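Let me begin by presenting the structure, written as C-alpha cells, before commenting on it.
The values are calculated or read from the model by the stated rules, or taken from the named source; none is laboratory data. Keep in mind it's a predicted model, so treat the numbers as computed, not measured. Reconstructed Cβ throughout: ideal geometry from the backbone, glycine too, with neighbour counts over all protein chains shown.
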Amino acid sequence: MSKRRIIQLTVITILGIIVFRFFIFPPKVYDSSKTPFILRVRLKRSVDTFTLYSKGKCRVTDAEKGAVLARAFSFDGPREVSPAKSGMKFGQELFPSGDIRISPLRGKLLVVDGRPYRGEIDVQKKDKGFRIINRVKLEDYLKGVLPREVYHFWPFATLKAQAIASRSFAAHQALLRKNQDYDLTADTFSQVYGGQASERWRTTKAVESTAGEVLEYDGKVLPAYFHSCCGGHTQNAANLWSQHEDPLRGVKCSWCRWSPYFRWRVRIPTKTILEKLKEKGYSFREIDDIRSGPRDNSKRVEYVRIRSQNNWFEVSTEDFRAALGRRLLKSSNFKIKKYPYYYLFSGYGWGHGVGMCQWGSFGLGFRRWDYERILRHYYPGTEIVNLSEVLRKER
Ligand SMILES: [Zn+2]
C-alpha cells in the first residue's frame, strides 16, 4: 500500500471516529440526575451554641479556603459547637476557621440540635453567633419539604403537583440568589423544611416520580408561588409584589371549600389594633373607625381606611395584616364590622393567594384531575419540563 493511501485511510478513520462519536455519544449536557443541583438552605440565622452529631466519620474543611482540617473526624456522640478566639470548638476539638464545612463520608446524616439532615452542613461564625446552612441536593430537600407543606395522605396527583411547584420555586430562588450567602430559609418565608425526620413514604414517592420536573415559562423556571387556601380566586402577583408574570395573574378556584380556613372570623379589640399599629410606626392617637377600601378582581381589599382625629388615612392591606399578625388576619379578602370596643373581621382563605391554592389542588386531586391539569389550571401557559433543559437554554 502506498504511503499516500495509508495517510488517506488514517484521515478517513479519524474523521469516521469523530462523526461516529458525535452522533452515537453526543456531547454531554447538564443532567440533574448526575450533577445534582445543590441548594443552600439556612437552618438557623443566629445561635450562640448548638449540638452537632453524625454516626459516621466526616471530613471537616475550611469552606472559604478549601483546606482540609480533618480527613475523618469522629463525633462519638453529640458535640456542643461553641465559638473560640481563632475559630470554633466541637466539644474540646478546636478548628481554626470561622467558616467550616462538615461532609459525612458515607452519606450518613448530620444531626443539628437533635434533627437529622441529608447533605453537608456549613457553620459560619458571625458577629452575634453561628449561622447554619444545609447544603442539600434539590431532590433530597423536597423530600423534607413536601410533608410540611401538604398532608402526606392527600391524593397522589396533589402531592405530585406540590412537588413540581416546590421544585420550581426552590430552583428559581437558587438561580436568582446565586451571588447571595444562601438560597432559601427553612421556614414560611421560603418553604417549610424539616429535614430527614419529616419525610413520609408517599410524599417521597411524589418527589421521585416527578424527579427533575419544573414549570417553565418564557424559557425560564417559574417562581411557582403557592398558598394554603385562596378563598375563591387566586391573587395577581402584580398587585401584591409588582411581579408581572402571565401565569401568576390569578384564576378562579372553586375547590378549596374543604379548607378549615375557607371562611374565618376574628374579633380584635380596638385597643389592640391601635397598639399593634403603633408598634409598626404608625402615629395614630386613637382609632375612630376602620373601613375596607376598594377591592381587586380577586375581591381582596387593596387598602384599609382608618379614621383618626377626624381624618381618614390609608394603610395598605398587607401592612395592616403584617401589623396585626398574618395568622390572625389570615388573608386580605375580608369585611370589617365596627362594634363598641372591637372590630369583627370576616374573611375568606389563608395566605398571600398567589399561584397554586393547596386546598384547591387537594379538591381537584380528589376529583381525579391529574397533576399536569392541576398545574395548568393554577399556572396557565406554563409547561412541565426537566430542570436540566431550562438550565441548558439559560446558558
Ligand atoms: Zn382556592
Inset, instruction - Would you mind telling me which numbered condition in (1) within 16 Å of the ligand (Cβ to nearest atom); (2) touching a His at 6+ places or on another chain (Cβ under 8 Å) Ala238 fails? - result: (1)
Inset, instruction - Answer yes or no as to whether Phe320 is away from the ligand (no atom under 16 Å from the Cβ) and among the aromatic types (Phe, Trp, Tyr). - result: yes
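On the basis of being within 16 Å of the ligand (Cβ to nearest atom) and either out of contact with any Gly (no Cβ under 8 Å at 6 or more places or on another chain) or on the phi < 0 side of the Ramachandran plot (or both), does Leu222 make the cut?
no
Which residue out of Leu387, Leu364 is closer than 20 Å to Val145 by Cβ, of a type in the set (A, V, I, L, M, F, W, C) and out of contact with any Leu (no Cβ under 6 Å at 6 or more places or on another chain)? So that I can check it myself, show each step before the final result.
Values: Leu364 fails: closer than 20 Å to Val145 by Cβ.
Being closer than 20 Å to Val145 by Cβ, of a type in the set (A, V, I, L, M, F, W, C) and out of contact with any Leu (no Cβ under 6 Å at 6 or more places or on another chain) holds for just one of Leu387, Leu364, which is Leu387.
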Legend entry - Residue in the stretch 250-266 that is at pLDDT below 95, among the hydrophobic types (A, V, I, L, M, F, W, C) and away from the ligand (no atom under 16 Å from the Cβ) present: no
Legend entry - Failed criterion for Asn386 (all others in (1) within 23 Å of the chain's Cα centre (by Cα); (2) within 16 Å of the ligand (Cβ to nearest atom); (3) among the polar types (S, T, N, Q) hold): (2)
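Considering only residues that are in contact (Cβ under 8 Å) with a residue 60 or more places away in the chain, more than 14 Å from the ligand (Cβ to nearest atom) and surrounded by fewer than 24 Cβ atoms within 10 Å (Cβ to Cβ), which ones fall in the stretch 347-372?
First, the residues of the stretch 347-372 that are in contact (Cβ under 8 Å) with a residue 60 or more places away in the chain: 347-371.
Cutting the leftovers down to more than 14 Å from the ligand (Cβ to nearest atom) gives us 368, 370-371.
Hits for the stretch 347-372 are Arg368, Asp370.
Pull up the stretch 146-172, narrow it to residues that are assigned to a loop (DSSP other than H, G, I, E, B) and in contact with a helix residue (DSSP H, G or I) (Cβ under 6 Å, 6 or more places away or on another chain), then point me to the one that is surrounded by the fewest Cβ atoms within 10 Å (Cβ to Cβ).
If we filter the stretch 146-172 for residues that are assigned to a loop (DSSP other than H, G, I, E, B), which is where we start, we get 150-155.
Next, from what is left, pick out any that are in contact with a helix residue (DSSP H, G or I) (Cβ under 6 Å, 6 or more places away or on another chain): 150, 152, 154-155.
On the way: Val150: 25, His152: 17, Trp154: 19, Pro155: 20.
Selected residue: His152.
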Legend entry - Some residue of the stretch 304-320 being surrounded by 18 or more Cβ atoms within 10 Å (Cβ to Cβ), modelled with pLDDT of 95 or more and touching a Lys or Arg at 6+ places or on another chain (Cβ under 6 Å): no
Inset, instruction - Having 2 or more residues that are free of Cβ contacts under 8 Å to residues at least 40 places away in the same chain is the bar; report the strands (runs of 3 or more DSSP E) wholly within the stretch 228-333 that clear it. - result: 303-308, 311-316
Legend entry - Of the criteria (1) within 16 Å of the ligand (Cβ to nearest atom); (2) in contact with a strand residue (DSSP E or B) (Cβ under 6 Å, 6 or more places away or on another chain), which one Gln196 fails: (1)
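Condition first: touching a residue at least 12 places away in the same chain (Cβ under 8 Å) and surrounded by fewer than 11 Cβ atoms within 10 Å (Cβ to Cβ). Now tell me which residues in the stretch 68-106 satisfy that. I'd like the intermediate steps shown before the answer.
Going through the stretch 68-106, the residues touching a residue at least 12 places away in the same chain (Cβ under 8 Å) turn out to be 69-75, 77-83, 87-88, 90-91, 93, 95-106.
Ala72, Gly77, Arg106, listed by residue number.
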